[in-house]
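Asks: Before anything else, here's the structure in question.
The values are calculated or read from the model by the stated rules, or taken from the named source; none is laboratory data. Predicted, not measured: the structure shown is a model, and the values here were computed from it. Note that each Cβ is placed from the backbone with ideal geometry, even for glycine, and that neighbours are counted across all protein chains shown. Just the protein is used for accessible areas: all its heavy atoms, side chains included, with ligands, DNA and RNA removed. Shrake-Rupley method; radii C 1.70, N 1.55, O 1.52, S 1.80 Å.
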Amino acid sequence: MSVILAAFSVALLSAMAPHAFAAPRNDLRNDRLYVANGGSGTVSVIDTRTNAFVGPPIHVGKRPAGVAVDSVRGRAYVVNSGSDAVSVINTKSNSVVGSPIRVGKGPAGVAVDSVRGRAYVVNSGSDAVSVINTKSNSVVGSPIRVGKGPAGVAVDSVRGRAYVVNSGSDAVSVINTKSNSVVGSPIRVGKGPAGVAVDSVRARAYVVNSGSDAVSVINTKTNTVVGSPIHLGKGPAGVAVDSLRGRAYVTNSDWNSVSLVNTRTNAVVGFPIPVRYGPAWVATDSLRGRAYVANSGSDSVSVIDTRTNAVVGSPIPVGNAPAGVALGKSLRSAHH
């Protein structure tokens, strides 16, 4: 996590690169990439079919760190770590709607359960998770207490669970999303866990341990760690799963690369894929065969073809210190 924070500082000194603009098209597939630019307080929206920008950057709160999309309701939720609030973007108009939703201290990550209409926000400064009703865009219930320094969260909508990585206690808390209560004891993983992703198809959660350069694998049916930690590059941070091809993509922030894990064998495959400086979070689009990597230290997004596992095209310049990335649908044709 310290590497990512350092990258943020470096990136703040860089000027935002010029933007190209493209008009949105009608499409019900995942055709939008939302990039939270921590250093410029904005969200960039990219058309994933053309890799061109859809309108100008959207201004949100201070130091946006993560973003998640509820494509069912046409909303993107942006956690602003510097203003302890969540901004809500209407993905049809690409504009902020309503007032910022107040949450806990230092929100670091967010995940959406579109099935149940909930967004789960991890508050690193208050060791708790805030739950937002995505129908009313209001906080529901009391904050859910978890471990120390929660840094990331992923939802398994199939099994009704949210997995929260606690970077300060080297463990994962499991929340029942039906009752919004913690179930069982924390699951012990490696040092300084940061990112987490769920493969609902194979009933696995992949936890990136930044402090031990490894990934822990959790069986989401039993909520127990399976096998030994998977060792990969230096300073791993983010992870995303391509369930269709059976791969997990892990960013190595110290190696400026992305490692691949075969989710069938839980073994590293091939060589790390070089990207730009300080890769943070990553998002995958299984249908389009792409992985999108936010390079926090170079103010850009790298695009990987998940069929060949090679970088395609030039990095897409975005705002300062991009961190969180999320895919969504434009949904524009659904109302015509």
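The rows are residues; the columns are (1) open to solvent by 10 Å² or more (accessible area, probe 1.4 Å); (2) more than 23 Å from A76 (Cα to Cα); (3) at pLDDT 95 or above; (4) not in a loop (DSSP other than H, G, I, E, B).
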site	(1), (2), (3), (4)
W281	yes, no, yes, yes
T284	yes, no, yes, yes
V301	no, no, yes, yes
G319	no, no, yes, no
V325	yes, no, yes, yes
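Asks: Just the residues that are over 25 Å from A151 (Cβ atoms) and either open to solvent by less than 30 Å² (accessible area, probe 1.4 Å) or assigned to a strand (DSSP E or B) (or both), please, taken from the stretch 262-273.
Replies: Correct list: N262, A267, V269, G270, F271.
Asks: Further, regarding this structure: I'm trying to understand the selection: among the residues of the stretch 311-333, which are in contact (Cβ under 8 Å) with a residue 60 or more places away in the chain and over 25 Å from K92 (Cα atoms)?
Replies: G313, A321 - these are the residues of the stretch 311-333 that are in contact (Cβ under 8 Å) with a residue 60 or more places away in the chain and over 25 Å from K92 (Cα atoms).
Asks: Filter the stretch 31-46 down to the residues that are modelled with pLDDT of 95 or more and not in a loop (DSSP other than H, G, I, E, B) and list them by number.
Replies: Here is the first cut: in the stretch 31-46, the ones modelled with pLDDT of 95 or more are 32-46.
Correct list: R32, L33, Y34, V35, A36, N37, T42, V43, S44, V45, I46.
Asks: I'd like to verify a number: residues in the stretch 58-78 that are hydrophobic (A, V, I, L, M, F, W, C), over 20 Å from T284 (Cα atoms) and not in a loop (DSSP other than H, G, I, E, B), how many? Before you say what the answer is, go through the steps one by one.
Replies: Here is the first cut: in the stretch 58-78, the residues hydrophobic (A, V, I, L, M, F, W, C) are 58, 60, 65, 67-69, 72, 76, 78.
Of the ones still in play, those that are also over 20 Å from T284 (Cα atoms) are 58, 60.
Those still in the list that are not in a loop (DSSP other than H, G, I, E, B) too: 58.
Residues in the stretch 58-78 being hydrophobic (A, V, I, L, M, F, W, C), over 20 Å from T284 (Cα atoms) and not in a loop (DSSP other than H, G, I, E, B): 1 in total.
Asks: Also, quick follow-up: Which is of a type in the set (G, A, S), closer than 30 Å to S228 by Cβ and out of contact with any Lys or Arg (no Cβ under 7 Å at 6 or more places or on another chain), of A321, A280? It would help to see each step written out before you state the result.
Replies: Numbers: A321 fails: closer than 30 Å to S228 by Cβ.
The unique qualifying residue is A280.
Asks: Now for a separate question. Answer yes or no: is there a residue in the stretch 174-192 that is closer than 28 Å to G297 by Cβ, part of a strand (DSSP E or B) and of a type in the set (V, I, T).
Replies: No: the stretch 174-192 contains no residue that is closer than 28 Å to G297 by Cβ, part of a strand (DSSP E or B) and of a type in the set (V, I, T).
Asks: Test G195 against the stated conditions and say whether it is under 15 Å from the mean Cα position of the chain (by Cα), under 29 Å from D285 (Cα atoms) and not hydrophobic (A, V, I, L, M, F, W, C).
Replies: So G195 fits the description; yes.
Asks: Among the numbered criteria (1) open to solvent by less than 10 Å² (accessible area, probe 1.4 Å); (2) without any contact (Cβ under 8 Å) to a residue 12 or more places away in the chain, which single criterion is violated by T308?
Replies: T308 satisfies every listed condition except (1).
Asks: Quick check on my filter: what residues within the stretch 246-271 are touching a residue at least 24 places away in the same chain (Cβ under 8 Å) and over 20 Å from the mean Cα position of the chain (by Cα)?
Replies: The answer is R264, N266, A267, V268, G270.
Asks: Which members of the stretch 77-129 meet the condition of being within 19 Å of L327 (Cα to Cα) and acidic (D, E)?
Replies: Result: D113, single match.
Asks: Evaluate the following for V189: is it closer than 22 Å to S253 by Cα, at pLDDT 95 or above and in contact with a Phe, Trp or Tyr (Cβ under 9 Å, 6 or more places away or on another chain)?
Replies: On the way: closer than 22 Å to S253 by Cα: yes; at pLDDT 95 or above: yes; in contact with a Phe, Trp or Tyr (Cβ under 9 Å, 6 or more places away or on another chain): no.
In short, no.
Asks: Could you pull out the residue among S257, S228 that is small (G, A, S), at pLDDT 95 or above and surrounded by fewer than 18 Cβ atoms within 10 Å (Cβ to Cβ)?
Replies: None of the others qualify; the one that does is S228.
Asks: Would you call S167 surrounded by fewer than 20 Cβ atoms within 10 Å (Cβ to Cβ) and at negative phi?
Replies: Considered against the rule, which asks whether it is surrounded by fewer than 20 Cβ atoms within 10 Å (Cβ to Cβ) and at negative phi, S167 comes out as no.
Asks: Please enumerate the residues belonging to the stretch 286-299 that are touching a residue at least 60 places away in the same chain (Cβ under 8 Å) and either surrounded by 24 or more Cβ atoms within 10 Å (Cβ to Cβ) or of a type in the set (G, A, S) (or both).
Replies: Y292, A294, S296, G297, S298, D299
Asks: Now, a different point. Considering only residues that are part of a strand (DSSP E or B) and open to solvent by 10 Å² or more (accessible area, probe 1.4 Å), look in the stretch 135-150 and name the one that is farthest from A194 (Cα to Cα).
Replies: Checking each candidate, the answer is S138.
Asks: Just need a number here: residues in the stretch 65-89 that are under 12 Å from N137 (Cα atoms) and polar (S, T, N, Q).
Replies: Qualifying residue count for the region: 1.
Asks: Just name the residue that is nearest to Y163 (Cα to Cα) out of those in the stretch 193-204 that are assigned to a strand (DSSP E or B) and open to solvent by 20 Å² or more (accessible area, probe 1.4 Å).
Replies: V198
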